[in-house]
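Working notes, beginning with the structure itself.
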Amino acid sequence: MKKTVQVSNQGATLDTSRRNFLKLSGIGIMAAGLTLVGCDDDRFDYNETNVFDLGTGDVGVLNYAYALEQLEADFYTKVVNGTNFNSIFSTTERQVMTDLYNHEVIHRDFFKAALTGVTANVLPTLEFQYPNVNFNDRSSVLATAKALEDTGVAAYNGAGKYIKNAAYLVIAGQIVSVEARHASAIRSLISPGTTSFAGDDVIDANGLDVAKEPKEIVGVAGAFIKTPFTWKERI
């Protein structure tokens, strides 16, 4: 994302039940990683270059998801550790952002553990950049969070069809549901009291979430990722 979208700086509130759900919905994801077995390597094909190659089959999909979770975890780490975090966000907003930070760290570590258990081809720790994000500005942070969360949901929805291992597909479904709740929470902070949480830009006429192919996702997420890696979908 090359341009930061400016949004309203008005206060926002989320009720206690929603905050509690955000906290609880991340519990158990790491434990689920212990049950994952084997990878099917017959689906994704990737370019061969001198930079890291995501791999083939389910390994490729897991590395793809791991890259996105690294990005989200890194972003929220910077948000909650920001110099003005306590002053630019309300108490409720800080609780929400901290919950999202905790969830994304869990997701990131889950994928690293899952990949380490089945392959030596594990994506390294990536480097990120945020050239157009002002971490001391509420609107800039929330606009970026919205872009990342919406992108994450669309990425899981688009990659699901490439997953062959049923256990991985179940876990992906559980994670994308949490990511969708993140996206809704951020949208509610930006536009409280509106229908933005399920806007027409992310929910289609059939009531379904947007799904995007990896090449579309990397077009957005790639603006933040400094470490190069390669992939190629099989035609």
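The values are calculated or read from the model by the stated rules, or taken from the named source; none is laboratory data. Predicted model only: the values in this text are computed from it and were never measured. Cβ sites come from the backbone with ideal geometry, for glycine too, and all protein chains shown count toward neighbours. These accessible areas exclude ligands, DNA and RNA; they are computed on the full protein's heavy atoms, side chains included. Shrake-Rupley method; radii C 1.70, N 1.55, O 1.52, S 1.80 Å.
Worth a mention:
- C-alpha center-to-center spacing [region 163-235, region 77-95] in angstrom: 24 Å
- For peptides 101-111, 216-226, 82-92, sequence by mean Cβ density within 10 Å, most packed first: 101-111, 216-226, 82-92
- A crude spin-label estimate for the pair N121 and V170, with each label 7 Å from Cα along the Cβ direction, gives 2.6 nm.
- Here the dipole of region 84-195 is about 240 debye; that uses its Cα centre as origin and unit charges on the Cβ of Lys and Arg (positive) and Asp and Glu (negative).
- Carbon and sulfur %, accessible surface of region 46-115 computed with the full protein complex present, 1.4 Å: 45 percent
- Difference of contour (0.36 nm per residue) and Cα-Cα distance, T91 to F128: 10.5 nm
- Based on protein heavy atoms only, region 47-158 ends up with 36 Å² per residue of surface accessible to a 1.4 Å probe.
- Count of lysine pairs in region 118-235 with Cα separation under 20 Å (8 or more residues apart, or interchain): 11
- Relative contact order (%) - criterion: Cα under 8 Å, at least six apart; region: region 83-235: 29 percent
- FRET E, pair A113, S139, Förster distance 45 Å, beta-carbon r, rounded to 0.05: 0.80
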